[in-house]
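So the structure is just underneath, and the comments pick up after that.
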Amino acid sequence: MRIDNAFVSTAFRYFAATAEAGSIRAAARELNIASSAVNRQILMLEEALGMPLFERTGRAMVLTEAGQVLLNQTRVSLRDYEDALGVIDELRGLQRGRVRIATAESVSVNLLPKILADFSERYPSIETFLTVTVADAVTEMVHSRDADLGFTYNPSTLDGLEIGFEKSIEVGAIASSDHPLSKQQHVSLADCFEYPYAYPAQGLSLRLALDAATESINSPNHKKKKPILEANSLRVMAAMAQEGRCITFQTRVGIEHHLKSGALTFLPLTDTNLPKDRLMLIRQSSRTPSPATQMFEKFAVDYLERHPIK
């Protein structure tokens, strides 16, 4: 029997469940207990603190400012507790470790699934939890300890982070095999903007690099056309390019199969002010990773070194 329920305060667990679910009834279903028991624990907690934790609007439970503060701290405490239990289990030889991974979308298409599949085969008793999001959110998840490891691009800051792996990757134009530019050896961003194009949305690391590189193009003397699509999904933009609807911009990561089959063409860009994308595997520097996290990081880095990314 795990000791979670025996040592984590019932009131705090019920409070956190209600905050996450948004209502007492939904939390009770999740906890598989009576709604009255959840409500009683929350009322006792509010009485002990001397402040309301929720605004009760009908059946909805909306956190007050005090409730949000308590939830943030409760999440940290529960993560600390779960992390400690995981390490103790591993030390006891129970092999019940877990690894929480956050990743940028392009890594999740081909590269990371191969790593996860091989790791799972080698270490079937270690649980892995994956979140796919934009690069900035990956960095924030590692900072906030919602993820143990993160695969991200060009983090705006490395404060509090350590880099387990780093690789600079060329950014190019992506087009279908029958696009008018597809036979060129290389192209410029200005060349691409003469055709319909898709553009990464705010929040994607590539957006900042492209914006900086296109400042001279988007000048009073040379007005850049607007994109036909802005999206926070590189997969969607690559699919649009494959359909022949537009040209777009990204690295080869995530479209390996399409390039190999000839469905897409990667065109190197001649713009010297466009930096390469920096793919990084990051972790927090202020805490020692669990044995399971260390095992996954070593496994992933070994894989990436054996299979170099272009």
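The values are calculated or read from the model by the stated rules, or taken from the named source; none is laboratory data. As the structure is a prediction and not an experimental result, all values here were calculated from the model. No Cβ is skipped: glycine too gets one built from the backbone with ideal geometry, and neighbour counts run over all protein chains shown.
Screening the candidates LEU229, LEU204, LEU189, LEU181 for the property of being modelled with pLDDT of 90 or more, closer than 28 Å to VAL132 by Cα and in contact with a helix residue (DSSP H, G or I) (Cβ under 9 Å, 6 or more places away or on another chain) yields one hit, LEU229.
What tally of residues in region 155-190 results from selecting those that are part of a strand (DSSP E or B) and either basic (Lys, Arg) or under 15 Å from ARG252 (Cβ atoms) (or both)? Matching residues across region 155-190 total 7.
Is one or more of the residues making up region 237-257 touching a His at 6+ places or on another chain (Cβ under 6 Å), buried (at least 21 other Cβ atoms within 10 Å of the Cβ) and under 15 Å from SER182 (Cα atoms)? No, region 237-257 contains no residue that is touching a His at 6+ places or on another chain (Cβ under 6 Å), buried (at least 21 other Cβ atoms within 10 Å of the Cβ) and under 15 Å from SER182 (Cα atoms). If you take the residues of region 102-118 that are outside any helix (DSSP H, G or I) and of a type outside the set (A, V, I, L, M, F, W, C), which of them is modelled with the highest pLDDT? Only one residue tops the list, namely THR103. Using the structure shown, decide if THR270 is closer than 23 Å to THR157 by Cβ, surrounded by fewer than 20 Cβ atoms within 10 Å (Cβ to Cβ) and among the polar types (S, T, N, Q). No: the conditions fail for THR270. Just checking, does region 162-175 include any residue being surrounded by 14 or more Cβ atoms within 10 Å (Cβ to Cβ) and touching a Cys at 6+ places or on another chain (Cβ under 7 Å)? Checked region 162-175: at least one residue is surrounded by 14 or more Cβ atoms within 10 Å (Cβ to Cβ) and touching a Cys at 6+ places or on another chain (Cβ under 7 Å). I'm checking my understanding of the structure. Among residues of region 274-289 that are surrounded by 18 or more Cβ atoms within 10 Å (Cβ to Cβ) and under 20 Å from the mean Cα position of the chain (by Cα), which one is modelled with the lowest pLDDT? Checking each candidate, the answer is PRO289.
Being without any contact (Cβ under 8 Å) to a residue 24 or more places away in the chain and in the same structural domain as SER156 (by TED's automatic domain parsing) is a property that THR293 lacks.
Residue by residue, here is whether (1) within 30 Å of MET280 (Cα to Cα); (2) modelled with pLDDT of 90 or more; (3) in contact with a helix residue (DSSP H, G or I) (Cβ under 7 Å, 6 or more places away or on another chain); (4) surrounded by 13 or more Cβ atoms within 10 Å (Cβ to Cβ) holds:
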site: ALA17; (1), (2), (3), (4): no, no, yes, yes
site: GLU20; (1), (2), (3), (4): no, no, no, no
site: ILE24; (1), (2), (3), (4): no, no, yes, yes
site: LEU31; (1), (2), (3), (4): no, no, yes, yes
site: GLU46; (1), (2), (3), (4): no, no, no, yes
site: LEU71; (1), (2), (3), (4): no, no, yes, yes
site: VAL76; (1), (2), (3), (4): yes, no, no, no
site: ASP89; (1), (2), (3), (4): yes, no, no, yes
site: ARG100; (1), (2), (3), (4): yes, yes, no, yes
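In region 109-137, the residues that are farther than 21 Å from ALA292 by Cβ reach residues that are among the hydrophobic types (A, V, I, L, M, F, W, C) with C-beta atoms within less than 6 angstrom, at least six apart or across chains, in these pairs: VAL134/LEU204; ALA135/ALA104.
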